[in-house]
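Please treat every number below as a calculation from the coordinates, not as lab data. Just so it is clear, the model here is predicted, and its values are computed rather than measured. Cβ coordinates were reconstructed from backbone atoms using ideal geometry, including for glycine residues, and neighbour counts include every protein chain displayed.
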Amino acid sequence: MYIENKFKEEKPCSMTIAGLDPSAGAGLLADLKTFQAHDIYATCVCSTLTAQNPFEVKNVEKVDPSFIADEIDMIMDAYPIKYIKTGVLYANDIIKIVNKKVVEYDLSVIVDPVMISESGCDLSGDNFADNLKENLLKNAYLTTPNIHEAEKLTNMKIQTEDDMINSALKLNKYCNCVITGGHLYGNDILCVDGEITKIKGNMIKSDNTHGTGCNYSAAITSNLIHEKSLKQSCHNANKYIQKAIMNGFYNTPYQF
């Protein structure tokens, strides 16, 4: 049953389905901060528990998929949500339950296909990339891989921007795609219906990069909620991330 909104003014709402990073630089806590910065009421579904800080991941525990389903149902019963984003899903059974709920509630999902942490820890199981493509990506509105994630999803080596374009075109067979260029030249490559757009970025010398992918996809989602076009949302998110890297919390290295 949908619960009537009791707020005096209806505020745009979002949902993130992601892992808990207790250092708060990445994962669902980072998503919540970005949503709040964009004046959006943020809800969250925890998919994975991690014991980590910006330097390393010590332990990972997945949340039971049936509990994840309950989390999603309770949020959808209370909030008028259209756009959501995903982060760490970790296991194939989690991908499947999230995909089921995306279809059930007719949600527009922005998929950040997190597979490896900034510190180098594997955050996905066996055949994760194939299962993501076969299930969630085919129902997604957008996916936002970095270069390493795009390589895993396409089985292509990416060394140049032309490689990024070819990889984006391949991923566009599943859904819209923007490949981030922070590990190459700084430019993002957006592919929508076979049309390529280069979103110019700058390479910034900084250790303040923990959680950039999470915040970037959350920023895109925020712009879409505010009814910006997909292209404009990606441009705005690119600028947001550049400013955040330059002005972020530096007391802990790698903390975005």
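Just a few scattered comments:
- Beta bridges by DSSP in segment 13-247, antiparallel share as percent, to the nearest 5: 45 percent
- Length gained when the stretch VAL103-ASP39 is fully extended (0.36 nm per residue, less Cα-Cα span): 20.4 nm
- Farthest toward the positive end of the dipole of segment 59-177, out of TYR105, ILE81, ILE165, is the Cα of ILE165, where the dipole comes from beta carbon charges about the Cα centre.
- The calculated FRET efficiency for the pair MET74 and ASN127, based on their C-beta separation and a Förster distance of 35 Å, comes to about 0.70.
- Here the gap between PHE67 and ILE165, fully extended at 0.36 nm per residue and compared with their Cα-Cα distance, gives a gain of 31.4 nm.
- Rounded is the label for segment 13-247, because the ratio a/c of its alpha-carbon gyration tensor axes (a ≥ b ≥ c) stays below 1.5.
- Proxy reagent accessibility, fewest Cβ within 10 Å first, across GLU10, GLU71: GLU10, GLU71
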